[in-house]
Every structure is written in structure tokens, then in C-alpha cells.
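Report on the structure given below.
Bear in mind these aren't lab numbers, they're just calculated from the coordinates by the rules spelled out. Keep in mind it's a predicted model, so treat the numbers as computed, not measured. Cβ coordinates were reconstructed from backbone atoms using ideal geometry, including for glycine residues, and neighbour counts include every protein chain displayed.
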Amino acid sequence: MKKKVVSLMLVAAMAATLFAGCGNKTEETQTPDAAPSTEAQTADADATADAAADAVGGDLADKKVGVCIYQFSDNFMTLFRGELENYLVSQGFSKDNITIVDGANDQATQTGQIDNFIAEGVDVLIINPVNSSSAETITDKVVEAGIPLVYINREPSADEEARWEENGWNVTYVGCDARQSGTMQGEMIVDLGLETVDLNGDGKIQYIMVEGDPENVDAQYRTEFSVKALTDAGLDVDCLTDQVGNWQQDQAQQIVANALGQYGNDIEVVFCNNDAMALGALQAIESAGRTVGTDIYLVGVDALSEALENVLSGKMTGTVFNDHFSQSHSAADAAIKFLNGETNEYYIGCDYVKVTADNAQEILDMVK
Ligand code: GAL
């Protein structure tokens, strides 16, 4: 497991140049602003999958699906895999023929699981890689075995995706563009207005950043684009510290507790790359006697139920819905198309949804 271990003094001294979240990157991006309703997406996905299932004449019940998840203990991927299994069954697969395995956040373990699936002769593989950088090796062995492959959640590099297209391989990636979620996090802070957020009145937004696994493009993009939304809106920012919490609540709690000890009331905003870490941050904030919405602001990503309840009660400023329904259904639909002899686009995207107290109940009703 990687850790960014840097002394807080060093962080304070070199904050502006050393860390991604503390730099001033100017990379251009396109961030779709309006997200289609999840109900509409679900209805579309249902119709597509029904058609695909009809076309193969019910054969899906005999097809074996291997699913590799990078780590079962990850809250978001737990929602994802539950929905993926339910949806596959609803589309005609037999539950007995769906095998979902835990990579335990170890690429060697997951590679062994992929080798086993190949040896067993599964008909299709759905893989959430432990390390996106291992995608090339994974793709090579799965393609060699003649098995169609759907990557989920952790996007392989652009070069790797280009290889699938150049070779016409039955490989695709399903996921959301994390730049959009980062931008939405930043926009929720911008929407509060400088006067509200700039609690110490120095004309700048002092923030801390708690990052997911830095190998993961979701962590990189959310870190960069949340802050970019502030600077794009003309706000001055001041990164107090940027630390890696590996998507985990306990690590984030420790990081934020330390940061609060070091920077105290100077911290105005806590950006967390996901909700699990925002829940840890909230524990640290409450223990330090600070109050979200009054003297500090806190945003996450995923829209876990607990985070949505916190947004409703004002304990979190906002979150971003990471639509596990749409992503798991699209992944299953892509697998069905491959099994049906059809092709897929090499990148299948989906939209995030910004969540504040205004729409948190609606999203909570959907995810519960
Ligand atoms: C992100 C999600 C995180 C974590 C990560 C795993 O999309 O927001 O909570 O699940 O995927 O790769």
C-alpha cells in the first residue's frame, strides 16, 4: 500500500509546488453539466438489455461470468457489485454462474483470480483492476484466451484503450469521468460564496485535500478539478495540506484530526475524494468541536446513504452521486452485447450528479 509520508512542515513550505492538489494546474477539460435522470437511464438500460437477452434466446442462463473487484471492503464497490449481480440475474444470468471475487487490494492476488477464471473457461470477464497500470498485462492474457472483457471503475490509460480499438478487441471500459465529480465538488463551495466560506476574511479559501489511492485516476482528477473549479471562478486558494487516505474512513479521520491540530481554525474547506473519507473527516471535525456549515465546509463523492443523511442534516456541505446503478447496468449490458456477438464502444461513460441539501432526499430515496 502506498503512502505519501511527508512532514507537515515540509507540506506547509512546499505546498504550492509539491502536491497535485496544491498545484495550479491549468489542463483543459470538458465537463458535461447536466446529468440525465437515473430513472431514465435505468429504463433505457432495461430496454437495451431486454432486447439483448431476447436476441440470444435465453442462453444467458448458461453463460459464466467472472467478476473481479479490487477490494470487497470498499463501500462504493460494495454497492456496485451488489447491483451488478442483481442486474445480471434480472437479465437472465443464473446466480450460480456469476462468480465475484475479492482482489483484497493486491494485484498479484487478482492476477491469480483472473488466471483461474481463464482456466475455468468463463464466457465473459468484468474487471475492476487493483492497479490500472496492470491493464495491459490483463488485457493481453484475457484477449489471448478469447474472452470478452469489460473493465469497470478504474480506467486504464488512454494508450491502453487505443490498443483495444486498433486491434478491434472485445474490450471496453465503463465508468464516469472523475473530472466532472471534482468540478462539482468545487462548484458546491463556489456556490456558497467567498464571504460565507472565507471565515478568516483573508480573501483566500484555505483548504485541505484528502486523496484516494493516488494510482487511481479518480483520485487524481477529483483532487485537481475540485480546486480548479474554485480558481476558475476567480477565487484564490491556499492548500494547507494534501494527504493520501486511500479511500478509507479511518485513514481520513487520522489525517483530518492531525490537520485540525496543526492548522486549527485556518481550515475552511475539507475536500475528500470520496464519502467514506468524508465520514472520517466529519468524525475528526466533530471531535475538534468544529461545526460543518458554520465554521468549516466538507464535501465528498459517492452519495453513500450515511453521507446523504449528513447532507440532509447539514453535517456535510455536499456530495456527488457516483451512479452505481447506471455503471453496473452499462457494464452488464456491454457484457451481454459481447456474448451476443455484438461490439461495444471502447469507452462507455456516465454522468455524476451534484448533491446538496436541496436534492439529497431524492437521491437517498433512490439509493436506499
Ligand atoms: C471511486 C469511488 C471511491 C472508490 C474508488 C475505488 O469511483 O468514488 O469511493 O470506490 O472508486 O476505485
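List of remarks:
- Flag for ALA303 being within 24 Å of VAL190 (Cα to Cα) and within 10 Å of the ligand (Cβ to nearest atom): yes
- Among the residues making up the range 58-73, a single one is more than 9 Å from the ligand (Cβ to nearest atom), closer than 17 Å to ASN131 by Cβ and either among the basic types (Lys, Arg) or within 14 Å of the chain's Cα centre (by Cα) (or both): ILE69.
- When GLN185 is tested against the conditions (1) touching a Ser or Thr at 6+ places or on another chain (Cβ under 9 Å); (2) within 30 Å of LEU339 (Cα to Cα); (3) within 16 Å of the ligand (Cβ to nearest atom), the lone failure is (2).
- Residue match in the range 343-352 (condition: out of contact with any Asp or Glu (no Cβ under 9 Å at 6 or more places or on another chain) and buried (at least 17 other Cβ atoms within 10 Å of the Cβ)): no
- Scanning the range 134-176 for residues that are hydrophobic (A, V, I, L, M, F, W, C), under 16 Å from LEU339 (Cα atoms) and away from the ligand (no atom under 16 Å from the Cβ) yields VAL142, VAL143, ALA145, ILE147, LEU149, TRP169, VAL171.
- Qualifying residue in the range 258-267 (condition: of a type in the set (Phe, Trp, Tyr) and in contact with a helix residue (DSSP H, G or I) (Cβ under 7 Å, 6 or more places away or on another chain)): no
- Test: residue in the range 214-222 that is within 13 Å of the ligand (Cβ to nearest atom), touching a residue at least 24 places away in the same chain (Cβ under 8 Å) and of a type in the set (Asp, Glu): yes
- Residue count for the range 312-346, restricted to those that are within 16 Å of the ligand (Cβ to nearest atom) and either part of a loop (DSSP other than H, G, I, E, B) or within 15 Å of ASN274 (Cβ to Cβ) (or both): 9
- The range 267-293 - residue that is under 26 Å from TYR352 (Cβ atoms) and among the small types (Gly, Ala, Ser) and, of those, nearest to the ligand (Cβ to nearest atom): ALA276
- The range 74-118, subset free of Cβ contacts under 8 Å to residues at least 12 places away in the same chain and either within 17 Å of the chain's Cα centre (by Cα) or under 16 Å from LEU149 (Cβ atoms) (or both), residue farthest from the ligand (Cβ to nearest atom): ASN116
- Of everything listed in (1) of a type in the set (A, V, I, L, M, F, W, C); (2) away from the ligand (no atom under 16 Å from the Cβ); (3) under 27 Å from GLN71 (Cβ atoms), the single unmet condition for LEU192 is (3).
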